[in-house]
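Trainee: Okay, here's the structure, questions in a sec.
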Amino acid sequence: MTVLSSADSAPGASSGRLQASIRRGVLIDTIFGAALWAAGGLVLVILGTMIILLAYDGWPALRHFGMAFYTTATWNPVTERFGAMSMLYGTLVTSLIAVVIAVPVSFGIAFFLTEVCPQAFRRPIGVTIQLLAAVPSIIYGMWGALVVAPFIAAWLQQPLISGFGWIPLFGGPANQFSMFTAGLILALMILPFITAMFVETLESVPPMLAESAYGVGATTWEVFRNVRIPYGRTAMVGAGMLGLGRALGETMAVTFVIGNANRISASIFQPGSSIASVIANEFGEAEIGSLKLYSLLQLGFALFVISFIVLAVSRRLVRSRLD
Amino acid sequence: MATTNAGRLARRLAVDKTIKLVSTLLATIALVLLAMILWALFFNGVRALGPHVFLNDTFGRPNGLANAIVGSLIQVGFATVIALPVGVLAGTLLADLGKSSKLGETVRFVNDVLLSAPSILIGLFVYTLIVLPMGRFSGWAGVAALAIVMLPVIVRSTEDMLRLVPVQLREAAYALGASRWTVTRSVLWRAARAGILTGLLLAIARAAGETAPLLFTAFGNPQTSFDLNQPMATLPVQIFNLTLSADADSIALAWAGALIITVGVLALNITSRLLISLGQRK
Amino acid sequence: MFFKRMTATVAATLFAAAFALPAKAQGVEFTGAGATFPAPVYTAWAQAYRQATNNTLNYQAIGSGGGINQIQNRTVDFGASDAPVPSQRLTQQRLVQFPAVIGAVVPIINLEGVAKNQLRLTGDVMAEIYLGTIRTWNDPKITALNPGLALPNLAIQPIYRSDASGTTFVFTTYLAESNATWRAEVAAATSVQWKAGAGARGNDGVAGAVRNTRGAIGYVEYAFAAENNLATTQLRNVGGRFVEATIANFQAAAAAADWENSQDLAASMINRAGENSWPIVSPTYILMPRDPRDPARAKAVLDFFAWAFTPAGDRLAEQLHYIPLPDAVVRRVKAAWPQIVTPQGQPLWTN
């Protein structure tokens, strides 16, 4: 606030000082403005170089294998034939299992929290769920590998296999390292995240709308289904997609339990691998300049493109409500 | 007519009741499962805790996590020093530009992409950018990866918080003839101080728990190291390696490490929540 | 962890070293990187060696592939690999190769009611298990080898290394020598396209996965099986005898290696003749540049291994369940060292 203080001085002397002060202010502002733009520009540059580097470094794999890279499931370091199919398959299957489980359950919890739960418990439970969304994914992965995986194999997979084993999708034997286990851990990981966003959306529904529906004699569920959901539908779909995005790119929670098998199995109870897990497992030892390294980088690029699309769509849906 | 109406009402009430029951059940199951995570964490973690966890290295006797704790602190610290100024400046830019600006919208979108991009890709990026030219894994590469993890969180929260500052405050300051720098520093940042701090805490919490971007950057080191030019251990990566082992002592140590991280991350989150609610009360 | 015994061995000396260090002059610090299979013994040697000489080795267990990579880029003073590097590549990269220590790969199983070294397997059957053609423990091909054992109708869960590994190279070499289908469809390498089973990271990871999975089978460096008390099996050697996974049987195989006709000191110890020879034994190798950039550090590496080959080093190796190199082989190794020269062309080592 130098401008203000200088106004107290004698008029003659102050005009010179005032000008100097304004000049200094202008200079500082120019520097400050430049700093702001430099910082904003850096955000652009980071993402830009990230895309360019991944695309550039992965290019030799695409040049060598052509589009067959994305249509073959071979991953053979001996013959140096690499294809992305099995990882794409594993990534999609585990993420779909996660979303198919997490979204309905989140939906149920959101209904419970906004309509059924006694008022006194809503905030504590809501905050707990939000905190669980902040727990690092490695904790979920570790818990999944050490505590849940053996349990799932015996108590969830085995009954499913006995009942539906004739469908190849649920074929035996039970295996604690499997796409199903990975999907389930992912579901638990994204559950708090999706639930928190659902609750936030549902609570933003104007009370007037719900009250009028109750006024004409609708039940709680009917109000929920016909008033609250339609109001928040776009944002909820967006929330689900954000959850999908998280599941697609998750590394640690998956690597522990998916079984790291680079092949396509019809049964979800068999081991598989995801893009992120194969990078985590094999990137460290891939030789510089080797086809394997380029193939892994190309996989990274593919993961980027997939998450970019999912993110762009979900952002449109979620932001449209926020703005 | 009357009977069918009554029947319909009964059915509607029954549906309502069933769904309420199912949702309560789902919520209970989910909460129990999630509570089980925390329980397993505390039960196994507390049992394995002891002074050796904080004092000994991987090859200590008994094995400890000192190298990982020191490494995590150093790297998250340096990442904060880098990400904080850049993030606050970029967030300020976005708040200044407002929603109508095309360029602002682009930066905002790019920031959101960075915020949700799979973190392992940040690891690949830093590997090609820093590890390959340097010829080795290093603490600096880990710092760079964590800074990229933190940056978008800080940008986003700074922008959101600055937007909450009443326009009148800003206008009044400009009307007094204050420069942009003065207005930003003395009015905007001061008003949004608690909010920006909140964002910073959340960013630190996120960086402290990240594993994937560090696998091929900081790499790991069995000994406590202060040299950022050499590979450096971090708590999450060490937990990853310990969990995969066959031996009960290592797994117990992994639980202890997991407990330390989770308590730290949750403490940061709870503090940031308290900051927000304090700000609201004021 | 596996390092328990190692630390037990050197803990006392280390304790002394911690206090003695400030008094001594600053030693040379040199770095190596590569194979995880011998990492425990290199680390044990390094700790004891620092105590003895004040020279410090910083060994990074990043896998054999990484070790070869790093020494080619000359970012370390020596590389370590379980798979020998082909002669042509050694010449091209101006590298010298020599073995450092010998280890054995053993199958480990998690099968209720089957004790350590009780189950009998052959390379052919192991290959079929990992090919996915033998799927249950009561498969006729397994029961035929084990007439006395009641094997359950339980699915076999094969566990393999998900990272590129020298252990995998040694194991798949054995499978390829034992089974024609394996040789044709999968072959031997540090990382292959597995037909069945699930992958785990590192020797430790495989041991952990087998321990936690009912019906699992895996393969690890012997030390990891011994330290974690996992059930090993018998294997049929080329002589047709079933042998147990014991140090004596590993030594029998190591003694049967043909060093006479070996090239670049790479002698195969897989499927060696001899009544007691364990079929999967292998040396692990060190790679050094012929023209090191920093001769002082290269000399420190040679001094270090010369020390490791003394009885003191041998004892440490044996305590960790490795097999020290026979004296005759040590002489061959030292005879190869004068190939490493200073920029002036002076050999760094003279015998």
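The values are calculated or read from the model by the stated rules, or taken from the named source; none is laboratory data. It should be emphasised that the depicted structure is a prediction, and the values quoted were computed from it without experimental measurement. Positions of Cβ are generated from backbone atoms using ideal geometry, with glycine treated the same way; all protein chains shown enter the neighbour counts. With ligands, DNA and RNA removed, areas are computed over all heavy atoms of the protein, side chains included. Shrake-Rupley method; radii C 1.70, N 1.55, O 1.52, S 1.80 Å.
Trainee: For A:GLU285, only one of the following conditions fails: (1) within 24 Å of the chain's Cα centre (by Cα); (2) buried (at least 20 other Cβ atoms within 10 Å of the Cβ); (3) closer than 27 Å to A:TYR140 by Cβ. What is its number?
Mentor: (1)
Trainee: Which helices (runs of 4 or more DSSP H) sit wholly inside the stretch B:188-282 and have at least 3 residues that are assigned by TED's automatic domain parsing to the domain that holds B:GLU159 and under 30 Å from B:PRO166 (Cβ atoms)?
Mentor: Passing ranges, in order: B:193-209, B:248-281.
Trainee: Run down C:GLU185, C:GLU221 and say which single residue is in contact (Cβ under 8 Å) with a residue 12 or more places away in the chain, among the charged types (D, E, K, R) and touching a helix residue (DSSP H, G or I) at 6+ places or on another chain (Cβ under 6 Å).
Mentor: Only one candidate qualifies: C:GLU221.
Trainee: Can you name the number of the only condition in (1) at the interface with another protein chain (Cβ under 10 Å from one of its Cβ atoms); (2) part of a loop (DSSP other than H, G, I, E, B); (3) open to solvent by less than 20 Å² (accessible area, probe 1.4 Å); (4) hydrophobic (A, V, I, L, M, F, W, C) that A:ILE279 fails?
Mentor: Only one criterion in (1) at the interface with another protein chain (Cβ under 10 Å from one of its Cβ atoms); (2) part of a loop (DSSP other than H, G, I, E, B); (3) open to solvent by less than 20 Å² (accessible area, probe 1.4 Å); (4) hydrophobic (A, V, I, L, M, F, W, C) is unmet by A:ILE279, namely (2).
Trainee: Tally time: how many residues in the stretch A:288-311 are among the hydroxyl-bearing types (Ser, Thr, Tyr), within 13 Å of chain C (Cβ to nearest Cβ) and surrounded by fewer than 24 Cβ atoms within 10 Å (Cβ to Cβ)?
Mentor: 1
Trainee: For the stretch A:250-267, what are the residues that are of a type in the set (A, V, I, L, M, F, W, C), in a loop (DSSP other than H, G, I, E, B) and surrounded by 24 or more Cβ atoms within 10 Å (Cβ to Cβ)?
Mentor: Correct list: A:PHE256, A:VAL257, A:ILE258, A:ALA261.
Trainee: Looking at the stretch A:182-196, which of the residues that are open to solvent by 10 Å² or more (accessible area, probe 1.4 Å) and farther than 14 Å from A:ILE125 by Cα is nearest to the chain's Cα centre (by Cα)?
Mentor: So, considering only residues that are open to solvent by 10 Å² or more (accessible area, probe 1.4 Å) and farther than 14 Å from A:ILE125 by Cα, the one nearest to the chain's Cα centre (by Cα) is A:MET189.
Trainee: Hey, does the stretch C:296-304 have a residue that's closer than 24 Å to C:GLY65 by Cβ, open to solvent by 10 Å² or more (accessible area, probe 1.4 Å) and assigned by TED's automatic domain parsing to the domain that holds C:VAL41?
Mentor: Checking the stretch C:296-304: at least one residue is closer than 24 Å to C:GLY65 by Cβ, open to solvent by 10 Å² or more (accessible area, probe 1.4 Å) and assigned by TED's automatic domain parsing to the domain that holds C:VAL41.
Trainee: Moving to a separate point now. Here's a check for you: in the stretch C:99-123, which residue that is closer than 30 Å to C:TYR285 by Cβ and in contact with a Lys or Arg (Cβ under 8 Å, 6 or more places away or on another chain) is surrounded by the most Cβ atoms within 10 Å (Cβ to Cβ)?
Mentor: Checked the stretch C:99-123; the qualifying residue surrounded by the most Cβ atoms within 10 Å (Cβ to Cβ) is C:GLY123.
Trainee: Taking the stretch A:69-104 as the region of interest, how many residues are outside any loop (DSSP other than H, G, I, E, B) and either farther than 24 Å from A:THR255 by Cα or basic (Lys, Arg) (or both)?
Mentor: 2
Trainee: List the helices (runs of 4 or more DSSP H) inside the stretch C:222-312, counting only whole elements, that have at least 2 residues being within 24 Å of C:ARG211 (Cβ to Cβ).
Mentor: C:222-227, C:247-255
Trainee: Tally the residues that are open to solvent by less than 50 Å² (accessible area, probe 1.4 Å), without any contact (Cβ under 8 Å) to a residue 60 or more places away in the chain and away from chain C (no Cβ under 13 Å), restricting the search to the stretch A:68-95.
Mentor: Number of matching residues: 1.
So that you can scan it fast, the table gives a plain yes or no per residue for (1) free of Cβ contacts under 8 Å to residues at least 24 places away in the same chain; (2) away from chain A (no Cβ under 13 Å):
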residue: B:ARG163; (1), (2): no, no
residue: B:LEU169; (1), (2): yes, yes
residue: B:TYR174; (1), (2): yes, no
residue: B:ARG185; (1), (2): yes, no
residue: B:TRP189; (1), (2): no, no
residue: B:GLN230; (1), (2): no, yes
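Trainee: Look at A:LEU242 and say whether it is touching a residue at least 24 places away in the same chain (Cβ under 8 Å), open to solvent by 10 Å² or more (accessible area, probe 1.4 Å) and in a helix (DSSP H, G or I).
Mentor: Against the criterion (touching a residue at least 24 places away in the same chain (Cβ under 8 Å), open to solvent by 10 Å² or more (accessible area, probe 1.4 Å) and in a helix (DSSP H, G or I)), A:LEU242 qualifies.
Table: residues versus (1) aliphatic (A, V, I, L, M); (2) more than 13 Å from chain B (Cβ to nearest Cβ).
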| residue | (1), (2) |
| --- | --- |
| A:SER106 | no, no |
| A:PRO118 | no, no |
| A:ALA133 | yes, no |
| A:TYR140 | no, no |
| A:ALA153 | yes, yes |
| A:PHE170 | no, yes |
| A:ALA182 | yes, yes |
| A:LEU188 | yes, no |
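Trainee: Can I ask one more? Take the stretch B:148-183 and flag every residue that is among the hydroxyl-bearing types (Ser, Thr, Tyr) and at pLDDT below 90.
Mentor: Within the stretch B:148-183, B:TYR174, B:SER179, B:THR182 meet the criteria.
Trainee: Test of understanding: among A:TRP166, A:TRP155, which residue is in the same structural domain as A:ILE97 (by TED's automatic domain parsing), over 13 Å from A:VAL257 (Cβ atoms) and part of a loop (DSSP other than H, G, I, E, B)?
Mentor: Being in the same structural domain as A:ILE97 (by TED's automatic domain parsing), over 13 Å from A:VAL257 (Cβ atoms) and part of a loop (DSSP other than H, G, I, E, B) holds for just one of A:TRP166, A:TRP155, which is A:TRP166.
Trainee: Between C:ALA207, C:ALA216, C:ALA252, which is within 30 Å of A:ALA145 (Cβ to Cβ), surrounded by 18 or more Cβ atoms within 10 Å (Cβ to Cβ) and within 18 Å of the chain's Cα centre (by Cα)?
Mentor: C:ALA207
Trainee: With the stretch B:59-140 as the region, which helices (runs of 4 or more DSSP H) entirely inside it contain at least 3 residues that are open to solvent by less than 30 Å² (accessible area, probe 1.4 Å), more than 8 Å from chain A (Cβ to nearest Cβ) and not small (Gly, Ala, Ser)?
Mentor: Filter on the stretch B:59-140 gives B:66-97.
Trainee: Just checking, does the stretch C:323-342 include any residue being surrounded by 23 or more Cβ atoms within 10 Å (Cβ to Cβ) and farther than 24 Å from C:VAL28 by Cα?
Mentor: yes
Trainee: Looking only at the stretch B:21-55, count how many residues are open to solvent by less than 60 Å² (accessible area, probe 1.4 Å) and outside any helix (DSSP H, G or I).
Mentor: Final tally of qualifying residues: 1.
Trainee: In the stretch A:126-173, which residue that is touching a helix residue (DSSP H, G or I) at 6+ places or on another chain (Cβ under 6 Å) and of a type in the set (Phe, Trp, Tyr) is most open to solvent (accessible area, probe 1.4 Å)?
Mentor: So, considering only residues that are touching a helix residue (DSSP H, G or I) at 6+ places or on another chain (Cβ under 6 Å) and of a type in the set (Phe, Trp, Tyr), the one most open to solvent (accessible area, probe 1.4 Å) is A:PHE164.
Trainee: Restricting to the stretch B:251-282, count the residues that are surrounded by fewer than 23 Cβ atoms within 10 Å (Cβ to Cβ) and within 12 Å of chain C (Cβ to nearest Cβ).
Mentor: 2
Trainee: So how many residues does the stretch B:8-58 have that are aromatic (Phe, Trp, Tyr) and within 11 Å of another protein chain (Cβ to nearest Cβ)?
Mentor: The number of residues fulfilling the criteria is 2.
Trainee: Of (1) of a type in the set (Phe, Trp, Tyr); (2) at pLDDT 95 or above; (3) in contact with a helix residue (DSSP H, G or I) (Cβ under 8 Å, 6 or more places away or on another chain), C:PHE169 satisfies all except one. Which?
Mentor: (2)
Trainee: Now a separate question. Against the definition (modelled with pLDDT under 90, crowded, with 19+ Cβ neighbours inside 10 Å and more than 10 Å from every other protein chain (Cβ to nearest Cβ)), how does B:GLY199 come out, yes or no?
Mentor: No, not satisfied.
Trainee: Also, quick follow-up: Anything in the stretch B:149-173 that is open to solvent by 60 Å² or more (accessible area, probe 1.4 Å) and out of contact with any Leu (no Cβ under 7 Å at 6 or more places or on another chain)? List them, or say none.
Mentor: Answer for the stretch B:149-173, where residues must be open to solvent by 60 Å² or more (accessible area, probe 1.4 Å) and out of contact with any Leu (no Cβ under 7 Å at 6 or more places or on another chain): B:ASP160, B:ARG163, B:LEU164, B:PRO166, B:VAL167, B:GLN168, B:LEU169, B:GLU171.
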